[in-house]
Amino acid sequence: MIDEHHPSPGIPQPAPFGSGQPGSGAAGTYRARLHAQRAALAGAAVTDPGHLDAARHAAEGSADHFSGDRSTADRSTDRSATTSTNPWARRLPADTGTPAGTDPVDAWWRPIPTPPPDPIPSALEAALHSVLPTDLPPGPPTGPGPRHPDRMPGAGAAVLVTAGAGAAGAAITAGAAATAGETTDRGPLGRILSPGFSYPTPEPAARHAYGPDGPDDRPSYERAGEDPESYGDTVSLRSRWARQAMETTAPELRAYHRDQRRRRVVGTLVTLVALAVLGTGAGAGLLYARADLSDTNRAFTSNTTALYFGDGKTPLSTLAVQNRTTIPYTDIPTSLKNAAVAAENRSFWTDPGVSVQGMARAAAAMVTGQPVQGGSTITQQYVKLVYLSQDRTITRKIREIAYALKLDNDRSKDRILGDYLNTVFFGRDAYGVQAAAQAWFGKNAKDLTIGQSAVLAAVIQNSSILDPSIDPDNLPRLQARYEYVLSGMLEMGTITQAQYDQFHGHLPATPVQSTEKRYEGPQGFLVNMVEQELKRDGFSEAQINGGGLRVTTTFDPKAQQAAQDAAQKYQQKAVTSASGSPSSTDLHAAIASVDSRTGEVLALYGGDDFVKNSRNWATTARMTGSTFKAFGVVAGLRDGFTLRSTFNGNTFQLDKQPMPVRNEFNTNYGSAVSLQYATQESINTAFVDMVHQMQDGPKKVMKAANDAGAPSGTGWGNYDRMVLGEPEVSPLDMASAYATITNGGTRYPSHVVREVRDMNGTVLYSADTKGEQAIESDIANTTTYALQQVTRAGTGTTAADLNRPVAGKTGTAGVEDKIYAAWFIGATTRVSTAVMYVAGSDGQGDLDPYSAPGDKTFFGSGYPARTWLSYMTVATQGDPVEQFASPSYASRPRLRG
């Protein structure tokens with residue numbers, strides 16, 4: 001991991017004192033005030049009171065230079081404030097830019113306007129040099145030393161100011177260099193202007209929405225640039241810079257120094273032990289033996305499963321634990337590989353997979369009770385993601401190092417980098433470079449420019465504080481980090497000066513791409529059905545949501561859109577024209593359409609929004625009404641009746657039952673009506689009479705329904721009236737059952753998955769499209785003929801406007817004066833479609849309030865038939881006009897005993 005303490009090129013730093021070079025520019029108001037405050041505090045510790053005034057004026061002038069409208073007068077404070085009960089007030093020099101009685105650490109972190117960068121004036125250096133002694137004593141190290149060669153090597157990481165009770169009681173100490181061999185002292189200025197400081201965000205605490213490894217990661221300070229000292233945790237700052245900022249006696253100070261020396265010794269010993277364990281043959285052998293590179297965290301090795309419509313090209317949705325599409329190393333652009341190395345680990349190509357400095361920092365942090373930190377390499381980052389947990393412990397850190405060493409030894413650098421880029425989190429719910437390229441720029445990874453590659457490499461650090469779509473205030477940080485990556489690429493020689501000049505200062509646009517809303521809207525019902533069917537077909541949860549499958553569904557994109565449009569159009573019309581202003585959310589239209597010759601579900605509308613109401617009305621069974629009479633025709637023909645057989649068309653009493661058998665509106669059609677006419681006009685009395693005459697008539701009707709593909713359920717019972725449609729069946733099953741009848745009796749189970757391939761294109765599953773002869777062909781063809789008369793001259797003439805042969809049936813299911821379901825089911829030679837309307841949250845409400853104007857009740861011939869026609873006009877577009885098979889009029893022997 002590259003050291004985030006090193007500032008980005010857009011955030012210039014002061015040059016070391018005596019270099020004769022001005023700083024490359026200031027970090028803005030914030031940074032200037034920080035240095036001014038430190039200078040003032042340093043001056044306060046000098047025994048000569050004159051030095052205090054000089055430091056105060058130097059700090060004041062520096063802060064004014066950067067604070068724009070914040071003048072010296074604005075920041076003046078009353079020296080009487082030193083009597084405040086706040087202990088900080090007694091130790092803060094008067095005119096240092098901090099209101100009296102204010103915690104200076106909190107004051108430093110108050111957000112103030114930041115003007116364009118300007119260099120920190122050399123006047124500050126001169127003033128500090130003039131007031132500080134050249135022989136400041138060394139003191140306790142309070143944090144890591146310099147973390148990048150561009151940041152004052154050898155200077156201390158932080159300043160510790162200790163104010164005594166007397167005017168001269170003070171000590172200014174600076175930490176020793178953290179890197180072995182770096183002992184050069186750059187003087188008092190180097191010890192006061194700490195190099196271990198990066199440009200902060202305005203708020204006084206860590207502001208990670210989540211950790212650097214994705215939404216499931218806890219806010220982390222593990223990376224060098226993400227420790228509390230870097231981003232402004234007030235408590236940590238106070239502890240680090242002002243641990244002894246209280247009135248203390250000389251013995252207390254000596255005791256403090258002894259404690260610090262002990263901590264340094266223990267920390268050094270722990271570090272040496274850790275390094276020794278890793279460096280010995282026995283230790284390395286043990287760790288290598290326990291580092292199992294085959295045992296991975298499945299979430300970070302998962303790949304997104306893609307769902308497609310029936311054409312195999314139009315995307316339907318995706319299924320994923322993590323939104324990731326792994327691509328070959330050769331498909332990752334060179335610019336992105338180089339950008340990632342420049343951003344995260346510039347020694348990647350030469351290091352052994354670990355950072356020795358990071359190991360030392362981790363051990364030291366553990367001893368001092370601070371969060372385990374360390375500048376992790378790319379290899380270590382990958383190990384933490386794929387093999388280990390997110391725990392912040394020394395045990396996990398040692399295991400991380402062992403895994404990284406083994407991984408670097410076993411695999412090529414190219415493979416490690418490719419695996420890392422296919423795994424890491426880039427924000428915007430994108431894991432891996434391909435998903436990231438789509439989420440940030442709407443393109444494939446192989447098409448990224450150098451600038452876009454630099455952006456993606458930049459956000460690896462922590463997308464939550466770098467993505468402008470989360471917070472516009474993140475834009476300056478992204479710009480700075482982007483420039484840092486570009487300068488690193490130039491420094492490493494992976495881009496030319498001309499390429500750098502082309503992209504420098506030109507941050508690519510990062511528009512928010514339309515995010516997939518997997519389960520929202522009508523489409524959510526389709527996705528859910530695909531998931532459930534894949535499970536039934538033997539695919540595991542891990543395969544479905546992380547196996548990188550390529551699933552071709554059966555849904556036709558045009559038909560699906562037509563189903564959605566038709567259902568919503570007539571559903572809204574019914575609500576608009578309803579009497580009594582019933583709720584628009586209480587009316588539900590459902591459509592299920594299948595290919596009669598394969599069983600493929602072409603379109604399905606189960607509701608307006610799966611997220612708001614996950615009940616799929618297209619797969620919910622409700623009373624079928626007169627559409628169930630089609631199975632009565634099949635049963636009657638099997639029993640020896642013909643379409644010319646006659647039955648009672650008038651109201652009659654059945655076996656002294658209290659409730660007479662009657663027709664809609666008590667209409668009488670005559671004592672002898674043919675089965676064909678009874679089907680055409682949906683005459684209830686004739687069908688009950690026929691079933692009553694058959695031996696075990698109800699059972700034969702139920703068997704006919706089961707044979708066609710309608711499963712038994714609620715309302716299925718051994719009573720003659722059941723043929724009128726009290727049995728409950730779903731629209732999808734009714735569409736399939738009618739498909740069986742109109743396809744010559746051959747039944748094809750309905751299904752929504754046509755084919756499944758793995759990431760390499762190997763076919764893992766293909767739907768079985770072999771049909772079964774479930775109903776005798778002559779019976780099926782004769783029943784189809786009877787159903788055609790319904791659309792030609794009966795209750796379903798609305799379907800005739802399709803201008804092709806249609807076999808169909810209306811259905812209206814009610815009890816007493818209430819209508820609980822209304823249907824129209826119709827089929828051409830290729831497409832069978834069922835439409836159902838129900839009301840109420842449970843589908844058991846009364847439909848009558850939604851009746852079409854002029855209708856006496858909510859008939860199946862009304863809104864359901866119109867919905868069917870609107871959909872089928874699109875679904876059958878381009879189909880040849882075909883005739884159904886001719887009926888058989890020959891009667892079969894009667895089966896009555």
Q. Sorted by average packing, counted as other Cβ atoms within 10 angstrom per residue and highest first, what order do 695-703, 556-564, 652-660 take?
A. 556-564, 695-703, 652-660
(Q) For region 734-812, which trypsin sites (Lys or Arg not before Pro) pass both filters: DSSP loop (anything but H, G, I, E, B) and at most 13 other C-beta atoms within 10 Å? (A) K770
Q. Where the centre of each part is set by its Cα atoms, how far does region 763-804 sit from region 844-871, in angstrom?
A. 23 Å
Q | Å² of accessible area per residue within region 636-709, as computed with a 1.4 Å probe and no ligands counted | A | 44 Å²
(Q) List the residues, sorted by chain then number, that are 5 or more residues from I819 or on another chain and whose placed amide H is less than 5 Å from its amide H. (A) L847, D848
Q. Assigning unit charges at the beta carbon (Lys, Arg +1; Asp, Glu -1) and nothing else, what dipole magnitude in debye, to the nearest 20, does region 719-809 show about its Cα centre?
A. 300 debye
Q | Three semi-axes of the equivalent ellipsoid, region 425-552, Cα gyration tensor, whole Å, largest first | A | 37, 16, 12
Q) Among all the lysines, which ones have a C-alpha under 17 Å from K699's C-alpha, if same-chain residues fewer than 8 places away are not counted? A) K629
(Q) Per-residue counts of other Cβ atoms within 10 Å, averaged by peptide: what ranking do you get for 628-634, 333-339, highest first? (A) 628-634, 333-339
Q: Determine the distance separating the Cα centre of region 605-633 from the Cα centre of region 305-359; give it in Å without decimals.
A: 44 Å
(Q) Could you sort the peptides 595-602, 793-800, 857-864, 529-536 by per-residue average Cβ neighbour count (10 Å cutoff), highest mean leading? (A) 857-864, 595-602, 793-800, 529-536
Q: Using θ = phi - 60° and the Karplus relation 6.51 cos²θ - 1.76 cosθ + 1.60, list the HN-Hα couplings for region 409-424 in order, rounded to whole Hz, with x at every Gly or Pro.
A: 7, 8, 10, 6, 4, 4, 5, 4, 5, x, 5, 4, 5, 8, 10, 5
Q | Convex hull projection area averaged over all views, region 489-627, Cα basis, nm² | A | 16.1 nm²
Q. List the lysines whose alpha-carbon lies under 28 Å from that of K573, not counting same-chain residues fewer than 8 positions away?
A. K517, K558, K612, K809, K818, K856
Q: Quick one: which residues, 5 or more positions from S596 or on another chain, have an amide H under 5 Å from its amide H? H modelled 1.01 Å from N in the peptide plane, none for Pro or chain starts.
A: V831, S832
Q: Pop out the carbon and sulfur fraction of the accessible area of region 559-712 as a percent, whole number, probe 1.4 Å.
A: 46 percent
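The values are calculated or read from the model by the stated rules, or taken from the named source; none is laboratory data. If you're wondering where the values come from, they're calculated on a predicted model, not measured in any experiment. In this analysis, Cβ positions are derived from the backbone assuming ideal geometry, glycine residues included, and neighbour counts consider all displayed protein chains. Ligands, DNA and RNA are excluded from the accessible area calculation, which covers all protein heavy atoms including side chains. Shrake-Rupley method; radii C 1.70, N 1.55, O 1.52, S 1.80 Å.
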